[in-house]
Amino acid sequence: MKFYNAAAPSPRRVRIFLAEKGIEVPRIDLDLPGGETRSAAFRRKTRLCEVPLLELDDGTVITESQAICRYLEALHPAPSLFGRDPLERAEIEMWDRRMELEIMNPLGQIARHSFAFFADKLTQVPAFAEAQRSDLAGKFAWLDEELSDGRPFVAGERFSAADITGMTAVMIADFVEVAIPAALPHLSRWNAAIRARPSWAA
Ligand SMILES: N[C@@H](CCC(=O)N[C@@H](CS)C(=O)NCC(=O)O)C(=O)O
């Protein structure tokens, strides 16, 4: 098994997952700003030219960070990060999607619609980046209210894949210079807690 990695948020989502599981997978580090993910050789592995990518020993390729994490969870069930029973699995899935759709995607759109690196990948609309930036204030306020019951992690009492999606979002927030408002105490508590985990450095 080989893990194609780069210094970027989606591969980091997998790196955090691996660190939380205590799993080692041989890594191939690609120079993303240097264009290695867009090379002809890498395009033969995935036409989307994106990392992370997991290549199995028989040559099978898995892309999409969450698909890779689910595959690894199936191979290494403990500690469970996607839930141990039907209710826990549903709650983690619900929160994972909320973290991705409500928080991570708007942050990613800021980067896609304002960074020169993405200029040849899509039609950039800088005003859309700015609209996403201002809409995030409301999304952060919503998440703060959700966490006001004092639960330590987004999906409840246990750290889960939903927190990892949140950690990935927070990394993008740092990148696009969106700060989590200190005036939101519950979200700030969660933000401090996830940054203090050893896997944050993965
Ligand atoms: N939905 C994908 C997103 C993958 C993705 O956007 N990867 C970025 C790095 S965070 C990439 O490889 N970009 C290369 C490029 O745009 O050339 C996932 O979760 O794996």
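The values are calculated or read from the model by the stated rules, or taken from the named source; none is laboratory data. Only a predicted model underlies this, so the values are computations on that prediction, with no experimental measurement involved. FYI the Cβ positions are ideal-geometry reconstructions off the backbone, even for glycines, and counts take in every protein chain you see. Surface accessibility is based on the protein's heavy atoms, side chains included, excluding ligands, DNA and RNA. Shrake-Rupley method; radii C 1.70, N 1.55, O 1.52, S 1.80 Å.
Does region 192-202 hold any residues that are open to solvent by 10 Å² or more (accessible area, probe 1.4 Å) and not in a loop (DSSP other than H, G, I, E, B), and which are they? Walk me through how you get there before you give the answer.
As a first pass, look at region 192-202 and keep what is open to solvent by 10 Å² or more (accessible area, probe 1.4 Å): 192-193, 195-198, 200-202.
Of everything in region 192-202, those that are open to solvent by 10 Å² or more (accessible area, probe 1.4 Å) and not in a loop (DSSP other than H, G, I, E, B) turn out to be A192, A193, R195, P198, W200, A201.
Residue-wise test of (1) in a helix (DSSP H, G or I); (2) under 15 Å from the mean Cα position of the chain (by Cα); (3) not assigned by TED's automatic domain parsing to the domain that holds C49.
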| site | (1), (2), (3) |
| --- | --- |
| E93 | yes, yes, yes |
| D96 | yes, yes, yes |
| M99 | yes, yes, yes |
| P106 | yes, yes, yes |
| S114 | no, no, yes |
| F117 | yes, no, yes |
| K121 | no, no, yes |
| Q124 | no, no, yes |
| F128 | yes, no, yes |
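Based on this model, can you work out whether E88 counts as open to solvent by 50 Å² or more (accessible area, probe 1.4 Å) and touching a residue at least 60 places away in the same chain (Cβ under 8 Å)? Give the steps one after another, and end with the answer.
On the way: open to solvent by 50 Å² or more (accessible area, probe 1.4 Å): no; touching a residue at least 60 places away in the same chain (Cβ under 8 Å): yes.
The answer is no for E88.
Does region 138-160 contain any residue that is small (G, A, S) and more than 28 Å from F17 (Cα to Cα)? Full working, then the answer.
Taking region 138-160 first, the residues small (G, A, S) are 138, 141, 148, 150, 155-156, 160.
Now drop any that are not more than 28 Å from F17 (Cα to Cα), which leaves 138.
The answer is yes, given that some residue of region 138-160 is small (G, A, S) and more than 28 Å from F17 (Cα to Cα).
Which residues, taken from region 3-28, are within 16 Å of the ligand (Cβ to nearest atom) and either out of contact with any helix residue (DSSP H, G or I) (no Cβ under 9 Å at 6 or more places or on another chain) or in a loop (DSSP other than H, G, I, E, B) (or both)?
We begin by selecting, within region 3-28, every residue within 16 Å of the ligand (Cβ to nearest atom); these are 3-18, 25, 27-28.
Scanning region 3-28 gives A6, A7, A8, V25, I28.
I need the full set of residues from region 170-191 which are open to solvent by 60 Å² or more (accessible area, probe 1.4 Å) and small (G, A, S), in order please. Explain how you work it out, then say what you get.
The initial filter retains those residues of region 170-191 that are open to solvent by 60 Å² or more (accessible area, probe 1.4 Å), namely 174-175, 177, 179, 182-183, 185, 189.
Those that are open to solvent by 60 Å² or more (accessible area, probe 1.4 Å) and small (G, A, S): A179, A182, A183.
Condition check: open to solvent by 40 Å² or more (accessible area, probe 1.4 Å) and of a type in the set (A, V, I, L, M). Does A74 satisfy that? Outline the logic, then answer.
Numbers: open to solvent by 40 Å² or more (accessible area, probe 1.4 Å): yes; of a type in the set (A, V, I, L, M): yes.
Taking the combined requirement at face value, the residue satisfies it.
Quick one: in region 136-169, which of the residues that are open to solvent by less than 40 Å² (accessible area, probe 1.4 Å) and among the charged types (D, E, K, R) is nearest to R195 (Cα to Cα)?
Going through region 136-169, the residues open to solvent by less than 40 Å² (accessible area, probe 1.4 Å) turn out to be 136, 140, 143-144, 147, 151, 153-156, 159-169.
Retained after the next criterion (residues that are among the charged types (D, E, K, R)): 144, 151, 163.
Working: D144: 17, R151: 17, D163: 11 Å.
Across region 136-169, the extreme among qualifying residues is D163.
Yes or no, residue by residue, for (1) out of contact with any strand residue (DSSP E or B) (no Cβ under 9 Å at 6 or more places or on another chain); (2) touching a residue at least 12 places away in the same chain (Cβ under 8 Å); (3) within 10 Å of the ligand (Cβ to nearest atom):
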residue	(1), (2), (3)
T37	no, yes, yes
C49	yes, yes, yes
E55	no, yes, no
A74	yes, no, no
L81	yes, yes, no
